[in-house]
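Below: the structure, in structure tokens.
The values are calculated or read from the model by the stated rules, or taken from the named source; none is laboratory data. In this text the structure is predicted, and so the values were computed from the model without any measurement. Cβ sites come from the backbone with ideal geometry, for glycine too, and all protein chains shown count toward neighbours. Just the protein is used for accessible areas: all its heavy atoms, side chains included, with ligands, DNA and RNA removed. Shrake-Rupley method; radii C 1.70, N 1.55, O 1.52, S 1.80 Å.
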Amino acid sequence: FVSQPAITKHIQELETCYQTRLFDRQGNKISLTEAGKLLLEHSERILDAYKRLEYEMHLLHGDYIGELKLGASTTIAQYVLPPLLASFIKKFPQVNLSLMNGNSREIEAALQEHRIDLGLVEGVFRLPNLKYTTFLEDELVAVTRTGSKLQVGEEITPEELLHIPLVLRERGSGTLDVFEKALQQHNIKLSSLQVLMYLGSTESIKLFLEHTDCMGIVSIRSITRELYAGQLRVIEIKDMVMLRDFSFAQPQGQESGLSQVFMQFAAHHNHKL
């Protein structure tokens, strides 16, 4: 909501004030100088402190008010968060809540770039500059559509996966991370599998399975309705348990008040998820 000339004027005034250039300008491209990076870092700290001030001032008289920007990996956003968000909004109507959806790596990147306040991610990899707090356990399972022409029994060995056409989540997803790590326990490389497609969401995988004789790897939480309806069936993979944690992710040392409120709320309601 600020015009380009106004932005330029503000930058010029800041550069005059600090007697240094904040941007390197090269043709149509610009990048931050070391001074610019330093100013950005302190600006983000000021904004975080302002959020915390707003939260703690309202906390004095029992109000929770302010903005909370959440980011969640696809599986969590689709199958875990909706009932939790509905309950949270009902209890704290003055909190302005927003949700960004992406795979786990995208959510972690958004956290590091301060585009969100709190992330909810899946998978097994952890970044050292983020703090992770587990709040729910999940399991991945192999599934096919009921009536599929795929010749598989109720249980297969990990080695049999080498000969079965698969549809999997995309690179960067926590689901693929967990599956790949489980394969490594049996000395199987992902590159040696017959992967027909990598898709960006579990819903895409389920629809793909409806029209193709192949096997998918998905969260058990994502197929409850299809199992009850008899549309999909689970295939056990012998000695290959694919458990993972759903975790909150925050920048180290930057825990905002409303983020803590949401985490505590989720912890008290996770038995319903």
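Scaled against 2.2 N^0.38 Å for its residue count N, the alpha carbon radius of gyration of the chain is 1.24. If a/c stays under 1.5 just call it rounded; otherwise compare a/b with b/c (prolate if a/b is bigger, oblate if not). Do that for segment 63-115, with a ≥ b ≥ c from the square roots of the Cα gyration tensor eigenvalues. Here segment 63-115 falls in the oblate category. Each Lys and Arg contributes +1 and each Asp and Glu -1, all at the Cβ; summed about the Cα centre of segment 30-123, the dipole is approximately 260 debye. Ligands, DNA and RNA left out, the 1.4 Å accessible surface of the chain is 53% carbon and sulfur atoms. When the charge dipole of the chain is built from unit charges on Cβ atoms (+1 for Lys and Arg, -1 for Asp and Glu) and taken about the Cα centre, the candidate among L136, G119, S148 whose Cα reaches farthest toward its positive end is G119.
Here r is the Cβ-Cβ distance between I220 and I11 and R0 is 35 Å; the resulting FRET efficiency, rounded to 0.05, is 0.10. For the chain, the share of DSSP beta bridges that are antiparallel, to the nearest 5, is 55%. Under a model in which nothing but the beta-carbon of Lys, Arg (+1) and Asp, Glu (-1) is charged, the chain shows a dipole of about 400 debye around its Cα centre.
Please identify the trypsin sites (Lys or Arg not before Pro) of segment 119-194 that satisfy two criteria: DSSP loop assignment and at most 14 other Cβ atoms within 10 Å. Which are they? Here the trypsin sites (Lys or Arg not before Pro) that fit, given the DSSP loop and packing criteria, are R126, K149, R171, K189. Against the chain, whose longest principal axis comes from its Cα atoms, helix 202-211 is set at around 30 degrees.
Legend: residue pairs K206/K238; K90/K206; K9/K37; K91/K206; K131/K181, Cα-Cα distance threshold 27 Å; pairs beyond threshold, K90/K206; K91/K206. According to the Cα-based calculation, Rg over Rh for segment 79-216 is 1.03, with Rh computed by the Kirkwood formula.
Accessible area per residue for the chain is 56 Å², calculated with a 1.4 Å probe on protein heavy atoms, without ligands, DNA or RNA.
Among all stretches of the chain without exposed GluC sites (Glu not before Pro) (DSSP loop, at most 14 other Cβ atoms within 10 Å), which one is longest? Segment 155-273 is the longest.
Given DSSP loops and a limit of at most 13 other Cβ atoms within 10 Å, what is the longest stretch of the chain that contains no such chymotrypsin sites (Phe, Trp or Tyr not before Pro)? Of all site-free stretches, the longest is 126-273.
Farthest towards the positive end of the charge dipole of the chain, among the residues A35, S201, F262, is the Cα of A35, using unit charges on the Cβ of Lys, Arg, Asp and Glu.
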